[in-house]
Amino acid sequence: MDTVRTRFAPSPTGFMHLGNLRSGLYAYLQAKHNDGVFILRIEDTDQARYVEGAVDVIYRILKDIGLDWDEGPDIGGDFGPYVQSERKSMYLPYAEELVKKGKAYYCFCTKEELEERKAEAEKEGKVWKYDKRCASIPYEEARRRVEAGEPYVIRQNVPETGEASFDDVLYGHIQVNCADLEDMILIKADGMPTYNFANVIDDHTMGITHVMRGNEYLASTPKYNLLYEAFGWEKPVYIHLSQIMKDAHRKLSKRYGDAYYEDFLAKGYLKEAILNYVALLGWNPGDEREFFTLPELVEAFSIEGLSKSPAIFDNDKLNWMNGEYIRRLSPEDFTSHARPFYAAAGIGHMDESILCRILQQRLQFFGEIPAMVDFLTELPDYDVELFTNKKSKTNPEVAREVLDMVIPLLESLPDWAENTVHDALMNLAAEKGLKNGTLLWPVRIALAGKQVTPGGAIEIALLLGREESMKRLRAGREKLA
Ligand code: GLU
């Protein structure tokens, strides 16, 4: 079998949509599982949409998640350049070859003329598509006009009858009537190819064996196949991938912050978890496994595991999976991921080992930190009824007695070390014959001002530090006066 060669062909938009990321991942897995070659190609033919620095964003994200390419703009390869704008001069000769074969033609219609004819067609209730006016210009005449410097585009000459089709691994045989297809532009007035043309030329000249991309290209691919046929080229294997949807009707959206890889990183998801979850959106290993590292995905991947049914992005499932990844981090790694969120929550100065102890077991993603620890930076305005807790056998009266014992005890401690605070409180409970809970509940409420907190009374006291803890305990006692 020929070497498998796949490509990831993102357009430099500045962001990485999860759907694109998934296409790139599958293309990578298909290449690597088969000891093939994974190629990065930058599709920047739409210069109007050029975004400064966007190519670096692509490099950074792919490197970050480990999708290392074997050929690409920065490392070269035998089929370069790998940036479409740098290949500009390669496309025209191919388009001219098609013109000579009668499969394409020069079109001189101006924007104004096209708009006029479009408006007329619409007035008559017709759907406009290019009317082939320039297809009938004799070749010699067209060449003269081109050479005289008249602006032109080159359009594909789609037959007026018959069908165009292709076979997709997931969607099967896709066939459309040529009558429904427009003579799409191959070369634009600025000499740049359109995506529609460039993808065909590039996939062929780069020896791509498997084209894996979003199914928004499903409808255009029959036209691409006409081009392959016109050139007499062998077609790649086509695998179009279903969209990732929020639910049955809605796409992922920028607005809700669930469309881009970067959105999830910013919310404090781990890249390994995102990659793992995205891999399972439209592919399954054929068994019950859910957790995969990238090398494990390479091992397990096969095209047979892909599915064309729409992939529903289940944020709860991602949260769960990300939480499991968080649990597996070493305390050091946990802390280095958490640190920016500690800073955002205003708790950057607090004891990181205690924070790790109370947070690592309960976080689903790091962005939950600020809301979870809000009480550390500001004591909520709470009601004395919070001191009531049946299980701990406390109520406001009990809490008053407890705080009257605890406050002087803590004031008298030589230091605020964990053992010191812990032992003092436990000894006091034992001495007074109180359940630990009866002693600790009022302390926790006075320190946190809420019933549900990560960490217990002692951990919260250590995080707050001596001064702030004493202040809060006294304030709690005052409330109970
Ligand atoms: N540049 C296209 C995109 O970003 C890629 C389509 C393809 O893979 O052929 O959507």
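The values are calculated or read from the model by the stated rules, or taken from the named source; none is laboratory data. Note that the structure is predicted; figures quoted are calculated from it, not measured. All Cβ positions, glycine included, derive from the backbone under ideal geometry; neighbour counts span all protein chains shown. Accessible surface areas use protein heavy atoms only, side chains included; no ligands, DNA or RNA. Shrake-Rupley method; radii C 1.70, N 1.55, O 1.52, S 1.80 Å.
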Residues (in a loop (DSSP other than H, G, I, E, B) and within 12 Å of the ligand (Cβ to nearest atom)) located in the range 1-13: Ala9, Pro10, Ser11, Pro12, Thr13
Scope the range 413-460; condition among the polar types (S, T, N, Q) and either touching a His at 6+ places or on another chain (Cβ under 9 Å) or assigned to a helix (DSSP H, G or I) (or both); matching residues: Asn419, Thr420, Asn427, Asn436, Thr438
Every residue from the range 341-370 that is touching a residue at least 60 places away in the same chain (Cβ under 8 Å), over 21 Å from Gly456 (Cβ atoms) and open to solvent by 20 Å² or more (accessible area, probe 1.4 Å): Phe341, Phe365, Gly367
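Let's see how each residue does on (1) of a type in the set (D, E, K, R); (2) touching a residue at least 24 places away in the same chain (Cβ under 8 Å); (3) in contact with a helix residue (DSSP H, G or I) (Cβ under 8 Å, 6 or more places away or on another chain):
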| site | (1), (2), (3) |
| --- | --- |
| Tyr382 | no, yes, yes |
| Lys391 | yes, yes, yes |
| Pro408 | no, no, no |
| Glu418 | yes, yes, yes |
| Leu473 | no, yes, yes |
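Just to check your reading of the model, which residue among Ala430, Ala417 is modelled with pLDDT of 95 or more, open to solvent by 20 Å² or more (accessible area, probe 1.4 Å) and under 30 Å from Ala343 (Cβ atoms)?
Ala417
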Condition set open to solvent by 40 Å² or more (accessible area, probe 1.4 Å) and outside any loop (DSSP other than H, G, I, E, B), scope the range 177-195, selection farthest from the ligand (Cβ to nearest atom): answer is Ala179
Only one of Leu226, Leu170, Leu252, Leu218 is within 14 Å of the ligand (Cβ to nearest atom) and touching a strand residue (DSSP E or B) at 6+ places or on another chain (Cβ under 9 Å). Can you tell me which? Leu218
Which numbered condition Val200 misses (of (1) of a type in the set (A, V, I, L, M); (2) surrounded by fewer than 21 Cβ atoms within 10 Å (Cβ to Cβ); (3) within 16 Å of the ligand (Cβ to nearest atom)): (2)
Restricting to the range 25-84, and then to whatever is among the basic types (Lys, Arg) and within 13 Å of the ligand (Cβ to nearest atom), can you tell me which residue is modelled with the lowest pLDDT? Arg49
Within the range 302-311, is even one residue in contact (Cβ under 8 Å) with a residue 60 or more places away in the chain, surrounded by 17 or more Cβ atoms within 10 Å (Cβ to Cβ), more than 30 Å from Tyr26 (Cα to Cα) and more than 20 Å from the chain's Cα centre (by Cα)? no
Only one residue in Gly76, Gly53, Gly19 is surrounded by fewer than 23 Cβ atoms within 10 Å (Cβ to Cβ), within 19 Å of the chain's Cα centre (by Cα) and not basic (Lys, Arg). Which one? Gly53
For residues that are assigned to a loop (DSSP other than H, G, I, E, B) and not small (Gly, Ala, Ser), tally how many sit in the range 203-242. 8
Please count how many residues of the range 249-262 are open to solvent by less than 40 Å² (accessible area, probe 1.4 Å) and either touching a residue at least 24 places away in the same chain (Cβ under 8 Å) or acidic (Asp, Glu) (or both). 4
